[in-house]
Every structure is written in C-alpha cells, then in structure tokens.
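Read-outs throughout are calculated quantities, based only on the coordinates presented, and are distinct from any laboratory measurement. Values in this document were obtained by computation on a predicted structure and should not be read as measured data. Positions of Cβ are backbone-derived with ideal geometry, glycine not excepted, and every protein chain shown enters the neighbour counts.
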Amino acid sequence: MKALIESIVAPLVDYPEDVTVTEREEETKIVYHLTVNQSDVGKVIGKNGRIAKAIRTVVYAAKTDSKKRVYLDIM
C-alpha cells in the first residue's frame, strides 16, 4: 500500500525524493501518513481538495482483505 501511495504522489510533486509514507496500525484501523515537501502540499491537495480525494478513493479501493479500515492523512 505504501508503494501505491508513493507511485501516485511522486509524479505530482516537484520534490519526489521528499515523499514519505509511514504506516501506523491500530486495533480497528490502519493509518498511512503522507509527508511531502512544504512547497508541494498544495499540489497534493489540489483545488478544493479534489486530488487528495481522488488519492484517498484509490487507496480505499485497493485496501487489503483486512477487516480494519484504512485512512490516509496528508501532512
């Protein structure tokens, strides 16, 4: 899942080497934290959050068979 998020976000930003994804697993959910360069935050979020919503839609659709919910935080 981390590789999927990185492969979606890296072409969108000016500094793809600064794209990092960390995973935190809790009892009922898995949270992925996406961190990009400060100047690239707007490109990842997009106008009115459209790009962020599209990224989240793909990630949620690709979730594993686990019963845990998947969340994506953009920092």
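Just from its helices, what would the mean residue ellipticity at 222 nm be for the chain, if runs of 4 or more DSSP H residues each count -39500 (n - 2.57) and the sum is divided by every residue, rounded to the nearest 500 deg cm²/dmol?
Computed mean residue ellipticity for the chain: -9000 deg cm²/dmol.
What does the charge add up to near GLU6, with Lys and Arg as +1, Asp and Glu as -1, over the other residues with Cβ less than 14 Å from its Cβ?
Result for the neighbourhood of GLU6: -3.
Within a Cβ distance under 11 Å of TYR32, other residues only, what is the Lys/Arg minus Asp/Glu net charge?
Charge balance near TYR32 sits at +1.
Could you work out the relative contact order of the chain, using alpha carbon pairs under 8 angstrom and six or more residues apart, expressed as a whole percent?
It comes to 34 percent, rounded to a whole number.
Working from Cα positions, state the angle (0 to 90°, nearest 10) between the long axis of helix 50-61 and the longest principal axis of the chain.
With both axes taken from Cα atoms, the answer is about 30 degrees.
May I ask you to list the residues of region 1-35 whose amide nitrogen lies under 20 Å from a point 7 Å from Cα along the Cα→beta-carbon direction of ALA61?
1-12, 32
Counting Lys and Arg as +1 and Asp and Glu as -1, each charge on the Cβ, what is the dipole of region 2-74 about the Cα centre in debye, to the nearest 20?
Roughly 480 debye, rounded to the nearest 20.
On the principal axes of its Cα set, how long, how wide and how thick is the chain? Give whole Å, largest value first.
35, 23, 17
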